[in-house]
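The values are calculated or read from the model by the stated rules, or taken from the named source; none is laboratory data. None of the values given here were measured: they were computed from a predicted structure. Cβ placement follows ideal geometry from the backbone for every residue including glycine, while neighbour counts extend to all protein chains displayed.
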Amino acid sequence: MIKKPFKPTVKPKPNGPRPNRGRREALHKINKFITAEEVRVIADGMESKVMRINDALKLAQEMELDLVEISPNAEPPVCKVVDYNKFLYEQKKKQKEIKANAVVNEVKEIRFGPNTDEHDVDFKLKHATKFLSEGAKVRAYVFFKGRTIVYKERGEELLMRFANKLIEDGIAKLESTPKQEGKKMIILLGPVKKK
């Protein structure tokens, strides 16, 4: 038997443009990539004025800075004479500050059974008080397992007793009354804002 020589299969390369491999599209048009014929130019120590693009580019070159299109939809587009890397750094810094100052509402859950003992309710009240004092919302629910679904009234009474204790102490405010969702009866409590 004669063995045929091994020929590796070579896939043909596509003729079209190569896919974008990790390269991001520029956030702003800068310098020669600005396509408008006239732009409104803003620079430090200079009043804003409308210029032809060639004059604006010369001005930026004389100042040894970049011409950055910051508002492309304006009529005419607004460009700023600035160091582009420094401009990007300041933009990222602003975004971080906005993100840091954004309020994130955390929701903590506390679970009960319809036959939860009074001692356990007191224990869970301490947890709820801690969560609410930290600024989190509390989602308390009674989980009905198997045949305990027949004790809906008991579950609602338990949740309202739990909520009323927190409201009376001035720690929480009721955000939603008990409502049935499948095998759960849920109540939502929010922290009281201190003045």
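Condition test on Leu67, is it surrounded by 15 or more Cβ atoms within 10 Å (Cβ to Cβ) and within 14 Å of Leu188 (Cα to Cα)? Considered against the rule, which asks whether it is surrounded by 15 or more Cβ atoms within 10 Å (Cβ to Cβ) and within 14 Å of Leu188 (Cα to Cα), Leu67 comes out as no.
Taking the range 159-185 as the range and being crowded, with 17+ Cβ neighbours inside 10 Å and under 29 Å from the mean Cα position of the chain (by Cα) as the test, the residues that pass are Ile171, Ala172.
Taking the range 19-132 as the region of interest, the strands (runs of 3 or more DSSP E) fully inside it that hold 1 or more residues being modelled with pLDDT of 85 or more and closer than 30 Å to Tyr151 by Cβ are 107-112.
Condition check ((1) within 19 Å of Gly182 (Cβ to Cβ); (2) loosely packed, with under 11 Cβ neighbours inside 10 Å; (3) basic (Lys, Arg)) across all residues:
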{"residue": "Lys92", "(1), (2), (3)": "no, yes, yes"}
{"residue": "Phe112", "(1), (2), (3)": "yes, no, no"}
{"residue": "Ala128", "(1), (2), (3)": "no, no, no"}
{"residue": "Val142", "(1), (2), (3)": "yes, no, no"}
{"residue": "Lys145", "(1), (2), (3)": "yes, yes, yes"}
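The residues in the range 47-64 that are surrounded by fewer than 16 Cβ atoms within 10 Å (Cβ to Cβ) and either touching a residue at least 24 places away in the same chain (Cβ under 8 Å) or touching a strand residue (DSSP E or B) at 6+ places or on another chain (Cβ under 8 Å) (or both) can be counted, and the count is 4. A search for C-beta distances below 7 Å between a residue of the range 118-133 that is within 16 Å of Leu189 (Cα to Cα) and any residue that is surrounded by 12 or more Cβ atoms within 10 Å (Cβ to Cβ) and of a type in the set (Phe, Trp, Tyr), counting only pairs 6+ apart in sequence or on different chains, returns Val121/Phe162; Leu125/Phe162.
When Glu153 is tested against (1) more than 35 Å from the chain's Cα centre (by Cα); (2) surrounded by 15 or more Cβ atoms within 10 Å (Cβ to Cβ); (3) without any contact (Cβ under 8 Å) to a residue 24 or more places away in the chain, only condition (2) is not met.
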